[in-house]
Amino acid sequence: CAGSPNEWRAICDKFTNAQNLTEIESRNDKENDPFRSKYKARELLREIYCSLKNFEAGEGEEEGGGESGEQRPTEQPVDGQREDLFGQGFSGDSPAGLRAARLGAVEYYLGVNHVDTEELSAGQEHLMNCMKLLERCRVSSPNVSLFIQVRNQLGILWAGRDETETAQGFLETAESIYQRYMKEDGSPPTDMTEYFAAEENLLTHQERIKRFELAYTHTMYYLAQVYKNLGQTERAATYCHTTLQRQLQLNQFTPMEWALNAATLSQYYITKGRYMEGRHCLSAATVISDLAGEVPSEATESERREHLRQKRAEIARCWIKYCLNLLQDAKKQLEDNIGELDTDRQEELKRARRREEEEEEKGRKSALLFGSEDTFDSIASIEEKAKDYFQMDGYVTDHIEILQDHSALFRSLAFFEEDLERRCKMHKRRVDMLEPICNDLNAQYYLMIRRQLMFELAETYNEMMDLKLALANRQADTQSLDNHTIKKFNHLCSASAKYFQMFLDSLCSPEGKFPERLEEEVLRPALVARFRVARLHSRLISTSPTVQLDNLNKSLENYKYVVQYCEANPEAGAAVETELELSKEMVGLLPLKINRLNARMDSNN
């Protein structure tokens with residue numbers, strides 16, 4: 001550039017001051033004047049731009065002028081992106097190429113400045129001016145970083161306006177520029193800050209590489225968001241994984257933010273049944289979260305500790321989801337046609353897995369991008385960490401969701417337990433977790449959650465009842481059950497019926513009237529609850545004929561409800577096909593049993 005050394009030094013100093021105002025001083029701006037430092041930086045950038053234009057005018061060259069032997073590109077698409085960015089235009093290290101890059105960099109920084117101060121249209125204009133200046137040039141070492149970073153910023157800008165496909169275009173071009181540059185050149189490129197740096201302040205090759213790779217990491221990060229918004233979940237996961245790995249390699253990450261992103265990614269892998277990748281992401285999240293120690297500077301020490309505790313609890317919840325999904329998927333593969341563990345199938349899958357595992361894990365682990373794994377000591381400690389943080393006070397729905405996940409873990413574990421006594425104890429743990437919370441919740445504010453809990457408790461007590469009976473039947477037939485066993489069986493049976501009835505009562509109007517027509521979301525649960533109540537009343541054991549008769553009449557009443565409701569609303573039958581068929585059968589059989597009991601009672605009087 002023309003101008004005396006002192007004039008050039010003044011420009012470099014202004015640029016340094018503008019960077020300092022933007023990156024450091026702006027953190028201390030007051031709430032009532034949040035952009036004070038950035039406005040000051042903007043004025044300095046404008047002064048730099050004017051000085052550069054004056055230098056250009058001093059050389060007698062009009063904007064857009066060329067040099068001997070060099071051709072300006074003729075193609076000028078609307079979005080400023082031409083097809084061959086590497087083959088047309090000025091060389092980046094030529095005087096004209098360097099002038100265009102410097103002016104483009106100032107336009108870039110002015111664009112980012114306006115976006116930061118929420119003046120998006122002005123920001124877009126400056127960023128597009130940068131693109132137009134770069135149209136003069138072909139991609140090369142002195143300008144490739146600017147080529148990529150201006151597209152990153154435009155990608156962010158358009159994504160923020162929900163113009164996802166426009167953002168995608170800019171970001172994918174940035175990606176292709178990086179890939180082609182690394183393939184055809186690969187030398188450490190000039191960083192944009194070096195356009196306004198004295199010779200003694202130029203960056204080392206190592207620092208240039210680091211900054212360039214970080215810019216490309218940002219491209220990967222923004223593309224992950226774009227693909228997610230476009231519904232391309234697998235592609236989004238791949239780019240997210242790449243971003244996380246690059247951040248680790250470059251040592252450019254905020255530990256807790258990185259850990260939460262890795263934990264979130266694990267949930268994608270888990271839903272796809274890719275448990276090795278999910279486990280690896282969660283292990284990395286656990287390790288990296290332990291490095292966290294910083295939150296915004298205005299936070300007090302207690303706020304900092306609370307912030308970290310909350311985020312680590314969120315990662316712990318992801319571990320619970322991992323274990324739960326793993327067990328549920330295994331259960332689906334291993335259950336027989338009556339829902340029990342198929343041990344032959346289990347052994348068959350074990351043998352097949354051993355044959356495949358070594359080769360498969362070796363191949364897939366080569367694609368894993370993080371450092372060494374560090375698994376948790378026990379799932380119990382992870383569960384407790386999450387439950388400790390999300391206490392009922394202030395985190396009601398979070399707390400209950402964790403308890404429900406914990407309960408579901410025991411339900412899935414019970415499937416694999418062959419010892420019926422231990423299986424029953426697992427279900428008892430579920431009751432101990434859910435029952436207190438169900439009874440404590442405000443019925444008005446947490447109606448839907450209470451219904452979920454009541455239904456789950458009813459089913460859990462029902463499962464325990466069946467297990468207790470199965471245990472007793474191993475020792476003696478039903479007719480010879482001892483009084484203790486009968487009492488325990490009846491307690492579990494009554495408890496199950498109580499919670500099913502509580503669920504049904506929750507559907508009633510304030511006046512206590514049961515709805516004539518059930519809403520779609522409660523249709524199946526309500527009819528199943530009626531069916532189960534009917535079944536449970538018929539199973540209660542009593543030596544008193546009067547009590548037996550009362551139980552059978554209650555059973556018949558509920559079976560009749562299922563049949564009559566489906567007759568009045570034929571579409572409901574499809575939701576409860578099995579229950580409806582059995583109810584019809586019992587409506588035919590129970591009156592005969594009731595009549596026999598009545599006759600026996602009459603003959604005894």
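The values are calculated or read from the model by the stated rules, or taken from the named source; none is laboratory data. Quick caveat: nothing in here was measured; it's all calculated off a predicted structure. Glycine gets a Cβ as well: all are built from the backbone with ideal geometry, and neighbour counts include every protein chain shown. Keep in mind that these areas ignore ligands, DNA and RNA; they rest on the heavy atoms of the full protein, side chains included. Shrake-Rupley method; radii C 1.70, N 1.55, O 1.52, S 1.80 Å.
Structure data summary
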read-out	value
Residue match in segment 507-518 (condition: open to solvent by 70 Å² or more (accessible area, probe 1.4 Å), in contact (Cβ under 8 Å) with a residue 12 or more places away in the chain, out of contact with any Pro (no Cβ under 8 Å at 6 or more places or on another chain) and part of a helix (DSSP H, G or I))	no
Answer from Arg82, Arg46, Arg42, Arg99 - the residue that is surrounded by 13 or more Cβ atoms within 10 Å (Cβ to Cβ), closer than 17 Å to Leu133 by Cβ and at pLDDT 95 or above	Arg46
Among (1) buried (at least 17 other Cβ atoms within 10 Å of the Cβ); (2) over 18 Å from Met192 (Cβ atoms) - the single one His218 does not satisfy	(2)
Qualifying positions in segment 550-583 - of a type outside the set (A, V, I, L, M, F, W, C), under 21 Å from Glu516 (Cβ atoms) and either exposed (fewer than 14 other Cβ atoms within 10 Å of the Cβ) or in contact (Cβ under 8 Å) with a residue 24 or more places away in the chain (or both)	Asn558, Tyr559, Lys560, Tyr561, Gln564, Tyr565, Glu567, Asn569, Pro570, Glu571, Glu579, Ser583
Arg423 being among the charged types (D, E, K, R), more than 20 Å from Ala472 (Cα to Cα) and buried (at least 19 other Cβ atoms within 10 Å of the Cβ)	no
Ser509 being of a type outside the set (Lys, Arg) and touching a Leu at 6+ places or on another chain (Cβ under 7 Å)	no
Positions within segment 221-244 being closer than 20 Å to Gln149 by Cα and open to solvent by less than 50 Å² (accessible area, probe 1.4 Å), in sequence order	Leu223, Ala224, Val226, Tyr227, Tyr239, Cys240, Thr242, Thr243, Leu244
In segment 386-400, residue modelled with the highest pLDDT [restricted to those that are buried (at least 17 other Cβ atoms within 10 Å of the Cβ) and assigned to a helix (DSSP H, G or I)]	Ile400
Subset of segment 523-538 (residues that are surrounded by fewer than 22 Cβ atoms within 10 Å (Cβ to Cβ) and in contact (Cβ under 8 Å) with a residue 24 or more places away in the chain)	Leu523, Arg524, Pro525, Val528, His537, Ser538
In segment 257-286, the residues that are open to solvent by 40 Å² or more (accessible area, probe 1.4 Å), modelled with pLDDT under 90 and closer than 12 Å to Trp319 by Cα	Arg279
Any chance Leu527 is under 29 Å from Lys468 (Cβ atoms) and not polar (S, T, N, Q)	yes
Filter pass, Gln71 being exposed (fewer than 13 other Cβ atoms within 10 Å of the Cβ), modelled with pLDDT under 90, assigned by the TED database to the domain that holds Ser176 and among the polar types (S, T, N, Q)	yes
Candidate set: segment 137-183, residues that are open to solvent by 30 Å² or more (accessible area, probe 1.4 Å) and closer than 15 Å to Arg211 by Cβ; chosen: the one modelled with the lowest pLDDT	Met182
Test for Phe212: is it more than 20 Å from the chain's Cα centre (by Cα), more than 15 Å from Gln149 (Cβ to Cβ) and open to solvent by less than 20 Å² (accessible area, probe 1.4 Å)	no
Those residues of segment 429-443 which are basic (Lys, Arg) and surrounded by 20 or more Cβ atoms within 10 Å (Cβ to Cβ), in sequence order	Arg430
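Residue by residue, here is whether (1) touching a Lys or Arg at 6+ places or on another chain (Cβ under 7 Å); (2) at pLDDT 85 or above holds:
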| position | (1), (2) |
| --- | --- |
| Phe376 | no, no |
| Ile402 | yes, no |
| Arg411 | yes, no |
| Lys428 | no, yes |
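Okay, residues lined up against (1) of a type in the set (Ser, Thr, Tyr); (2) buried (at least 16 other Cβ atoms within 10 Å of the Cβ); (3) modelled with pLDDT of 85 or more; (4) closer than 29 Å to Leu540 by Cβ:
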| residue | (1), (2), (3), (4) |
| --- | --- |
| Arg355 | no, no, no, no |
| Glu384 | no, no, no, no |
| Phe416 | no, no, no, no |
| Tyr445 | yes, no, no, no |
| Arg451 | no, yes, yes, yes |
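Condition check ((1) under 19 Å from Ser496 (Cβ atoms); (2) under 45 Å from the mean Cα position of the chain (by Cα); (3) of a type outside the set (Ser, Thr, Tyr)) across all residues:
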{"residue": "Ser542", "(1), (2), (3)": "yes, no, no"}
{"residue": "Ala574", "(1), (2), (3)": "no, yes, yes"}
{"residue": "Glu579", "(1), (2), (3)": "yes, yes, yes"}
{"residue": "Leu582", "(1), (2), (3)": "yes, yes, yes"}
